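First the structure, in the form of structure tokens, and then the observations on it.
The values are calculated or read from the model by the stated rules, or taken from the named source; none is laboratory data. What you see is a predicted model; the values in this text were computed from it and never measured. Cβ sites come from the backbone with ideal geometry, for glycine too, and all protein chains shown count toward neighbours. Side chains are part of the model used for accessible areas, which takes the heavy atoms of the whole protein and leaves out ligands, DNA and RNA. Shrake-Rupley method; radii C 1.70, N 1.55, O 1.52, S 1.80 Å.
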Amino acid sequence: MNMEAHNEAVASISERLRAFYERRQPFRVYHGSTNSTRTAAKNRDNTVDTSKLNHILEVDNVKKTALVEPNVHMDALVNATVSNGLVPLVVMEFPGITVGGGFSGSAGESSSCRYGPFDSTINWIEIVLPNGESAKASKTEKPDLFWGAASAFGTLGIVTLLEVQLRDAKNYVELTHYPMGSVTDACAKIQEEVANPATDFVDAIAFSSKSAAVCSGRLVDAIPAGSKPRRYLRRQDSWFYLDVQKRTRKAKKPVVDYIPLVDYLFRWDRGGFWVARYAYKYFFTPFNRITRYVLDTYMHARVMYHAMHKSGLSNSYIIQDVGVPYQAVDEFHRWVDQTLNIYPVWLCPIRLRRDAPDSAHGIHADFADPEGPEFMLNFGIWGPGPKEYRELVRLNREIEHKVHELGGKKTLYAQAYYTEEEFWQTYTKSPYDAVRSKYHASHLPSVYDKVKVDENAKRDVMKDSRMPAALRNVRPFQGLYGVYKAWRGGDYILQAKKEKTDVSEAPPKQDSPVSH
């Protein structure tokens with residue numbers, strides 16, 4: 001797609017949004033894919049289809065930037081930039097996460113200790129406002145709109161173009177694994193590695209309360225003579241976390257690997273960190289090298305998310321990414337260990353503080369506060385929850401309450417169980433509402449509306465499911481249905497509305513490359 005075709009697509013989106021705005025009718029956006037674990041009620045009458053906005057328009061080697069449409073997946077962006085000797089400052093860990101999702105949602109990875117969340121690595125955005133107006137916003141031009149749209153989950157409009165910052169790429173990541181005897185020790189080592197200016201990447205895995213590994217990386221052009229690269233993307237390769245666990249369990253000194261750059265960036269894809277291991281237990285399947293090899297196709301994040309959505313099993317898991325200040329790490333980990341006892345746990349330091357002037361806007365306006373914490377340590381807590389749904393809700397709410405008590409933040413891609421009052425005690429409402437009012441978005445659902453648990457949407461998805469009612473919520477048939485749908489293909493977001501549409505309540509259809 002060239003710029004002319006892009007502008008035509010944006011004009012069509014603008015026209016559709018104007019039609020919604022005239023009626024003050026909320027809308028949803030169909031991107032074509034998701035890594036959210038939340039259920040959403042979408043149909044063609046309340047939805048704007050932007051799925052065709054999936055092109056990389058330019059990679060500029062001089063400016064070290066990429067001009068990217070929002071539905072470009074991370075693997076496509078990495079392939080395009082690495083072939084030009086460049087790489088994004090922050091690369092989300094799953095190949096199927098989109099650039100727009102990383103900006104409008106919340107995203108961080110092991111380089112976020114240097115560059116902050118993914119939205120901080122964007123120079124400017126093009127956004128269609130709810131009234132149909134197209135605007136450009138950056139950290140210096142309309143900064144309230146730029147920061148207001150970051151992590152706003154599309155509640156200020158539709159982002160249609162982004163300029164992504166890049167840096168020089170190298171062939172390998174020299175990754176040093178430091179064995180640690182506790183999360184306390186791991187947190188101290190993480191801070192030590194972040195303080196080293198030569199470090200490009202830092203994260204860690206807590207395998208138990210008494211075993212962890214800190215993984216500190218730097219970009220290098222070549223590997224030492226006699227060394228072999230460590231690979232993680234091929235069917236025959238080990239899953240990353242299993243390899244690190246095995247080789248650091250009894251290690252007396254740091255273990256050093258040389259990993260091809262793309263293998264490192266997407267090292268968590270196979271097995272979805274480690275969440276896929278729970279599928280083996282669910283399906284009464286042995287978990288070993290042979291079964292992982294045979295079932296490799298289904299063990300990638302794209303397929304896993306599809307299957308989890310279609311089966312409804314995502315509603316029975318604890319899936320939380322939460323960050324707490326360094327000084328609260330010990331208390332929070334003790335609480336997680338005693339209350340949940342879910343391992344492994346991902347630990348990732350993220351520099352949250354915004355240095356750009358006039359950046360105190362949106363739901364994270366407090367990130368601009370120089371008195372606030374500069375870093376938080378993210379805990380990735382993912383595992384099966386209690387069979388009783390009320391108990392699952394109770395535990396998720398306890399996590400949210402504990403994080404708030406400790407001055408932390410929760411990443412909102414997962415299900416949120418807050419009441420509205422609790423939500424706005426954690427996120428900055430007034431700066432967010434001010435931007436929404438200024439840019440004609442007050443009639444749209446809020447961030448809270450977008451991320452809260454939607455029980456009605458859950459029921460509608462299951463009601464419209466073709467899985468026989470007698471087999472729903474029955475192990476392993478519920479999971480097999482999700483695997484079948486993942487194998488068969490199709491999409492699990494945009495639900496075709498079965499009842500007859502009242503055309504008087506819907507905007508006119510547009511002849512557009514981004515609409516049905």
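Summary table
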quantity: Over 27 Å (Cα to Cα) - which of Lys136/Lys402; Lys402/Lys452; Lys250/Lys409; Lys210/Lys450 fall in this group; calculated: Lys136/Lys402; Lys250/Lys409; Lys210/Lys450
quantity: At most 12 other Cβ within 10 Å, DSSP loop - trypsin sites (Lys or Arg not before Pro), region 124-232; calculated: Lys210
quantity: Probe 1.4 Å - accessible area at His443, Å² to nearest ten; calculated: 50 Å²
quantity: Residues listed by number, region 59-90, amide nitrogen under 14 Å from Ala5 label point at 7 Å toward C-beta; calculated: 69
quantity: Size of electric dipole in region 298-413: Cβ of Lys, Arg +1 and of Asp, Glu -1, about Cα centre, debye, nearest 20; calculated: 620 debye
quantity: Across Lys63/Lys410; Lys139/Lys170; Lys387/Lys410; Lys63/Lys189, pairs whose alpha-carbon gap is larger than 26 Å; calculated: Lys63/Lys410; Lys139/Lys170; Lys63/Lys189
quantity: Surface accessible to a 1.4 Å probe, Glu8 within the full protein complex, Å²; calculated: 110 Å²
quantity: Additional length obtainable on full extension of the chain from Ala195 to Thr419, 0.36 nm per residue less Cα span; calculated: 76.8 nm
quantity: Length released on extending from Asp45 to Tyr293, taking residue separation times 0.36 nm less the Cα-Cα span; calculated: 85.0 nm
quantity: Heavy atoms of Met304: accessible area, 1.4 Å probe, square angstrom to 10; calculated: 30 Å²
quantity: Alpha-carbon Rg/Rh ratio, for region 377-424, with Rh computed the Kirkwood way; calculated: 0.95
quantity: Nonlocal amide H pairs with Thr160, under 5 Å, H built at 1.01 Å; calculated: Glu126, Ile127, Val128
quantity: For region 378-423, size of Cβ-based charge dipole, Lys and Arg +1, Asp and Glu -1, in debye; calculated: 200 debye
quantity: Electrostatic dipole magnitude of region 174-265 [Cβ: Lys, Arg +1; Asp, Glu -1; Cα centre; debye, to 20]; calculated: 580 debye
quantity: Zero-based 5 Å bins, Cα pair distances in region 149-198, whole percents; calculated: 4, 12, 13, 13, 10, 11, 16, 15, 6, 1
